[in-house]
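Provided herewith is a single structure, encoded as structure tokens, for subsequent inquiry.
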Amino acid sequence: MALTPSTMLPLGTKAPDFQLPDTVSGKTISLDTFADKKGLLVIFMCRHCPFVKHIQGELGKIGKDYGESNLGIIAISANDAANYPEDAPHLLKDMAVDLGFTFPFCYDESQETAKAYTAACTPDFFLFDANRELVYRGQLDDSRPSNNQAITGKDLRLAIDALLADNPVHSDQKPSIGCNIKWKPGNSPNY
């Protein structure tokens, strides 16, 4: 496990489009799926990472808490399932069902979507406004598997709440930290 921070993609960056299969429904999900939403939260995550396991319950709660709001949510796993079989699509589906995710959990087999977003770690969060411009990237909160801090989702929730209330999202943002994305051999990005 390589401890990796998020890349902190510049605020204002436009959300790259994608066409990815939802591991639960089998439907193809894209930016257009969320066209009627005021905001879009893109979460890069996986099944086996201890940092994701640490917060997976909170991710499920965020899905439920904002399920009736004007926020679209998508989770994406880009890990190399050939070398990390615990992150295979059928097991991602099991995870989504077991945790009651109310949002699509897609598999980025080519890893091109993760590269387009400069995703570096799991978990890695990207929040976009109605124009699909980046307003938040960084951590869920200050909790980590080994620091005994409560899992609150505070940083991400404050950003979501500000966006949904048409208030500016504070630009002082801390990078997420987690396991590096498991790139396929020869596919590792240069960022």
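Charges only on Cβ, +1 for Lys and Arg, -1 for Asp and Glu: so what's the dipole of segment 3-180 about the Cα centre, in debye to the nearest 20?
In debye, rounded to 20, segment 3-180 gives about 200.
Most exposed first by the Cβ proxy, i.e. fewest other Cβ within 10 Å, how do Val97, Val135, Val42 rank? Don't skip to the end; give the middle numbers.
Working: Val97 12, Val135 22, Val42 25.
Ranking Val97, Val135, Val42 by Cβ neighbours within 10 Å, fewest first, gives Val97, Val135, Val42.
Remind me, relative contact order of the chain in percent, using alpha carbon pairs under 8 angstrom and six or more residues apart?
RCO, the chain: 33 percent.
Go through the cysteines of the chain and tell me which have no other cysteine Cβ under 4.7 Å away.
Lone cysteines by the Cβ rule: Cys46, Cys106, Cys121.
Evaluate the charge dipole of segment 41-146 about its Cα centre and quote only its size in Debye, nearest 20, assuming +1 on the Cβ of each Lys and Arg and -1 on the Cβ of each Asp and Glu. Working shown, then result.
Values: 9 positive and 16 negative charges, 18 e Å.
It works out to roughly 80 debye.
In whole Å, what is the distance between the alpha-carbon centres of segment 147-191 and segment 39-109?
Their Cα centres are 14 Å away from one another.
State the antiparallel share, in %, of DSSP beta bridges confined to the chain, rounding to the nearest 5.
So the antiparallel bridges amount to about 70 percent of the total.
What FRET efficiency, computed as 1/(1 + (r/R0)^6) with R0 = 30 Å and r the Cβ-Cβ distance, is obtained for Asp17 and Glu68, rounded to the nearest 0.05?
Step by step, r from the Cβ atoms, then E = 0.70.
Picking from Ala130, Gly153, Gly100, whose Cα lies most toward the positive end of the charge dipole for segment 3-180 (charges on Cβ: Lys, Arg +1; Asp, Glu -1)?
With unit charges placed on the Cβ atoms, the residue in question is Gly153.
Using θ = phi - 60° and the Karplus curve 6.51 cos²θ - 1.76 cosθ + 1.60, what whole-Hz ³J(HN,Hα) does each residue of segment 17-27 get, with Gly and Pro shown as x?
For segment 17-27, the Karplus curve yields 6, 7, 9, 10, x, 6, 5, 8, 8, x, 6 Hz.
Each value in this text was obtained by applying a stated rule to the coordinates, not by laboratory testing. This structure is a prediction, so every number in the text was calculated from the model and none was measured. Note: ideal-geometry Cβ built from the backbone for every residue, glycine included; neighbour counts use all protein chains shown.
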